[in-house]
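Peer 1: Handing you a structure now.
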Amino acid sequence: MKRILISILFISLTHSLFSQTASDALRYSRILNEGSARFQGLGGAMGALGGDFSSILTNPGGLGLYTSSEFTFSPTIRLENSNANYNSEINNDNRINGAIGDLGLVFHIGGKDKSSSGFKGFNIAVGVNRENDFNSRVFMEGTNNKNSLLTQYADVLNSTPGGITPQMINDRYPFDIALAYNSNLIFYDSVNHKYTNDAPNGGVIQAKSINTSGSINEYDFAFGANYNDRLYFGFTIGIPVINYYENTQYTETKNDTAVHYFQSMTFNQQLETHGTGINFKLGLIYRPADWVRIGAAIHTPTYYGNMRDVWTSDMTGEFTSVINTAYSPIGNFNYQLITPFRAIGSLAFIIGKFGLISGEYEYVNYSQASLSASNASFSAVNSDIKNQYKTPLNLRLGTEWRIHNFRLRGGFGYYGSPYQSSINTSEMDVASIGWGYRAKHFFFDMTYQWSQTKENYYFYDPSYVNPSVNTYHTNTVTTTFGFRF
């Protein structure tokens with residue numbers, strides 16, 4: 001996406017003091033690098049190949065294969081389609097946007113001549129690569145004849161030990177349940193001594209739209225070296241920058257004459273997240289023979305020391321003769337995030353001057369992510385992270401074939417489910433095809449990439465509602481312009 005793409009298991013009961021959840025940790029930990037057209041054309045399987053600016057994202061040892069200086073620039077155009085099936089009602093949405101996959105400069109410093117042993121060359125690289133793209137939009141709608149979001153809200157209040165007063169509602173749930181109470185969507189039934197609403201058994205059309213934007217762009221500073229044309233090694237200092245924006249609108253509209261007074265409700269939520277982190281990547285490529293290359297890399301956890309969330313919400317209830325609206329305060333919170341450690345093993349076979357086949361495996365355990373803050377405890381959230389997430393199977397494969405100055409490429413990537421429970425999957429399949437042209441001082445590449453992700457999205461607590469089965473398709477065209485000097 002590439003997206004976080006990002007599969008979010010939304011379980012209602014927004015935290016009233018701060019909004020950070022296990023899904024936030026997954027969103028910023030699940031990296032789906034974009035990079036250059038060649039990188040995408042090979043399915044991202046460049047850990048044992050190198051010689052491309054984007055390789056410093058996975059294995060900076062690939063920087064050692066450069067034999068000249070280079071400037072590279074990769075604009076992309078992306079069309080995203082979402083299909084949502086909620087209670088057998090299907091809705092589609094589309095969105096188009098552009099971005100820059102990478103922008104980089106490599107400086108080559110020559111070493112000893114070819115006839116001497118030792119270091120053959122050194123390379124320094126600076127630039128920016130896009131690690132994640134958060135631009136997406138989905139619309140879900142269907143009829144619920146069992147309950148309402150307000151039913152769950154009322155059940156929460158009724159199950160509170162010792163009862164709960166209106167002031168307690170405002171203090172504990174200022175961003176959701178308090179809005180429903182203050183707009184008269186839930187109220188206290190003094191006859192039955194409990195909180196209730198006008199549609200406790202459903203009879204409503206439920207709809208939700210989610211519009212997200214932003215990205216993780218990593219600013220990279222890398223060094224690579226070539227020793228005897230057999231061992232290539234390097235390191236990258238990465239500074240990823242998170243900018244994430246989310247706007248959601250949830251509505252319920254009366255669909256049953258047995259529902260009195262209540263006509264509709266609208267619940268709007270806005271979230272904005274920013275943060276800057278740092279990580280280190282170490283990698284090497286060993287060439288025991290001219291026809292084979294072996295790559296290995298490790299990535300330290302990324303430490304985001306200045307994460308900041310700002311969020312607001314509002315709710316409107318429309319009744320037979322009145323409309324009530326309630327607004328939340330502005331929520332904001334500063335915290336820290338540590339994403340998981342990564343390790344990548346790769347292997348490539350070079351078929352003379354005709355082509356190559358490359359593959360790699362990425363290890364990452366999403367349950368290792370953690371949140372912290374100096375003025376709050378995240379023990380419950382970190383426990384959720386450990387209990388919800390796992391180590392998925394992440395594989396990438398690619399091939400490239402040479403016809404004079406032209407190149408033909410194909411790639412495939414599989415990103416397994418990060419979830420322990422089968423309540424959600426969020427597996428991703430990625431396929432690509434591309435071509436390129438190589439001249440002495442100039443090269444051009446173009447790649448078409450297709451990806452598919454499926455998720456089960458819950459409007460609120462899964463014990464109340466069925467999931468909306470959402471499928472996301474992304475069609476991306478990336479072009480890379482490169483100049484050697």
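The values are calculated or read from the model by the stated rules, or taken from the named source; none is laboratory data. Owing to the predicted nature of the structure, the values given are computational and were not obtained by experimental measurement. Using ideal geometry, Cβ is built from the backbone for each residue, glycine included, and neighbour counts are taken over all protein chains shown. The area values use the complete protein model at the heavy-atom level, side chains included, leaving out ligands, DNA and RNA. Shrake-Rupley method; radii C 1.70, N 1.55, O 1.52, S 1.80 Å.
Peer 1: If you stretched the chain out fully between Tyr219 and Asn365, how much longer would it get, using 0.36 nm times the residue separation minus the C-alpha to C-alpha distance?
Peer 2: On the way: separation 146, 0.36 × 146 = 52.56 nm, distance 2.39 nm.
Extra length available between Tyr219 and Asn365 comes to 50.2 nm.
Peer 1: Post the alpha-carbon centroid distance, region 40-93 to region 388-404, in whole angstrom.
Peer 2: 11
Peer 1: Does region 192-319 come out rounded, prolate or oblate, given a ≥ b ≥ c as the square roots of the eigenvalues of its C-alpha gyration tensor, rounded meaning a/c under 1.5 and, failing that, prolate meaning a/b above b/c? Provide the component values of the computation, followed by the final result.
Peer 2: Numbers: a/c = 4.82, a/b = 3.23, b/c = 1.49.
Verdict is prolate for region 192-319.
Peer 1: For region 425-432, take each phi angle, set θ = phi - 60°, evaluate the Karplus expression 6.51 cos²θ - 1.76 cosθ + 1.60, and give the result in whole Hz per residue in order, putting x for glycine and proline.
Peer 2: 10, 6, 5, 10, 10, 10, 10, 8
Peer 1: Taking a virtual spin label 7 Å from the Cα of Asn145 along the C-beta vector, which residues in region 168-199 bring their backbone nitrogen under 17 Å of it?
Peer 2: Hits in region 168-199 for Asn145 at 17 Å: 199.
Peer 1: Eigenvalues of the Cα gyration tensor times 5, then square-rooted: what semi-axes does that give for region 302-413, in whole angstrom, largest first?
Peer 2: Values: eigenvalues 456, 109, 37 Å².
Equivalent ellipsoid semi-axes, largest first: 48, 23, 14 Å.
Peer 1: How high is the FRET efficiency between Ser379 and Ile357 when r is their beta carbon distance and R₀ equals 45 Å, given to the nearest 0.05?
Peer 2: Details: r = 47 Å, r/R0 = 1.04.
The value I calculate is 0.45.
Peer 1: Given Cα pairs under 8 Å that are at least 6 residues apart, what percent is the relative contact order of region 86-179? Present the calculation step by step, with values, prior to reporting the outcome.
Peer 2: Values: 75 pairs, mean separation 26.5, N = 94.
Averaging sequence separation for qualifying contacts and normalising by length gives 28 percent for region 86-179.
Peer 1: Further question on the same structure: When only C-alpha pairs under 8 Å and at least 6 residues apart count, what is the relative contact order of the chain, in percent? Could you put the intermediate results ahead of the total?
Peer 2: Details: 1482 pairs, mean separation 96.3, N = 485.
Relative contact order comes out at 20 percent.
Peer 1: With r as the distance between the Cβ atoms of Val126 and Phe280 and R0 = 22 Å, compute the FRET efficiency 1/(1 + (r/R0)^6) and round to 0.05.
Peer 2: Working: r = 16 Å, r/R0 = 0.71.
Calculated value: 0.90.
Peer 1: Under Stokes-Einstein, with the Kirkwood radius over Cα pairs standing in for Rh, what whole-number D in µm²/s applies to region 253-369 at 20 °C and 1.002 mPa s? All intermediate terms of the calculation are to be shown ahead of the outcome.
Peer 2: Numbers: Rh = 19.8 Å.
Rounded to a whole number, D works out at 108 µm²/s.
Peer 1: With the contact rule set at Cα under 8 Å and sequence spacing of 6 or more, what percent relative contact order holds for region 271-400? Walk me through the intermediate numbers first.
Peer 2: Details: 277 pairs, mean separation 28.0, N = 130.
Normalised by residue count, the contact order of region 271-400 is 22 percent.
Peer 1: Between their Cα atoms, which of Lys353/Lys454; Lys120/Lys281; Lys120/Lys390 are more than 32 Å away from each other?
Peer 2: Numbers: Lys353/Lys454 40 Å; Lys120/Lys281 22 Å; Lys120/Lys390 42 Å.
Checking Cα-Cα distances, Lys353/Lys454; Lys120/Lys390 exceed 32 Å.
Peer 1: Which of the aspartates and glutamates could be linked to Lys208 by a straight reach, that is with a Cα gap under 14 Å, when you skip same-chain ones fewer than 8 residues away?
Peer 2: Glu89, Asp93, Glu141, Glu246, Glu252
Peer 1: Next question, about the same structure. With each label point set 7 Å from Cα along the Cα-Cβ vector, what nm distance links Ser321 and Ser159?
Peer 2: So the label points at Ser321 and Ser159 sit 3.7 nm apart.
Peer 1: Around Val204, which amide H atoms from residues at least 5 apart in sequence, or from another chain, sit under 5 Å from its own amide H, with H modelled in the peptide plane?
Peer 2: For Val204, whose amide H was placed from the backbone, the distant partners under 5 Å are Asn144, Asn255.
Peer 1: Can you pull the percent of the chain's accessible area that's carbon plus sulfur, 1.4 Å probe, other chains left in place?
Peer 2: Numbers: 11530 of 19590 Å².
Summing carbon and sulfur atoms, their accessible area is 59 percent of the total for the chain.
Peer 1: Still on this structure, please answer the following. Starting at the first residue of region 396-405, write each ³J(HN,Hα) from the Karplus equation 6.51 cos²θ - 1.76 cosθ + 1.60 with θ = phi - 60°, in whole Hz, x for Gly and Pro.
Peer 2: 9, 9, x, 9, 9, 10, 9, 10, 6, 8
Peer 1: Return the long-range amide H neighbours of Asp461 (sequence gap of 5 or more, or a different chain), with a cut-off of under 5 Å between placed amide H atoms.
Peer 2: Long-range HN contacts for Asp461: Ser12.
Peer 1: For region 101-238, what is the convex hull volume of the alpha-carbon atoms per residue, in Å³?
Peer 2: On the way: hull volume 28.5 nm³, N = 138.
That works out to 206 Å³ per residue.
Peer 1: Can you compute the modelled spin-label distance between Phe485 and Lys390, with each label point 7 Å from Cα toward Cβ, in nm?
Peer 2: Between Phe485 and Lys390, the simple spin-label model gives 5.2 nm.
Peer 1: Something else now. From Cα coordinates alone, what are the radius of gyration and Dmax values for region 374-449 in angstrom?
Peer 2: Cα only, region 374-449: 20.5, 62 Å (Rg, Dmax).
Peer 1: Need one number for region 134-191: average projected area of the convex hull over its C-alpha atoms, nm². All intermediate terms of the calculation are to be shown ahead of the outcome.
Peer 2: Working: hull surface 25.6 nm².
Result: a mean projected hull area of 6.4 nm².
Peer 1: Kindly write out, for region 272-287 in residue order, the coupling ³J(HN,Hα) from the Karplus curve 6.51 cos²θ - 1.76 cosθ + 1.60 (θ = phi - 60°), rounded to whole Hz, with x marking Gly and Pro.
Peer 2: Values per residue, Gly and Pro as x: 9, 10, 9, x, 10, x, 8, 8, 10, 10, 10, x, 8, 10, 10, 10 Hz.
Peer 1: Skip the ligands, DNA and RNA, and give the accessible area per residue of the chain with a 1.4 Å probe, whole Å². Don't skip to the answer; put the middle values down first.
Peer 2: On the way: 19590 Å² over 485 residues.
It amounts to 40 Å² per residue over the chain.
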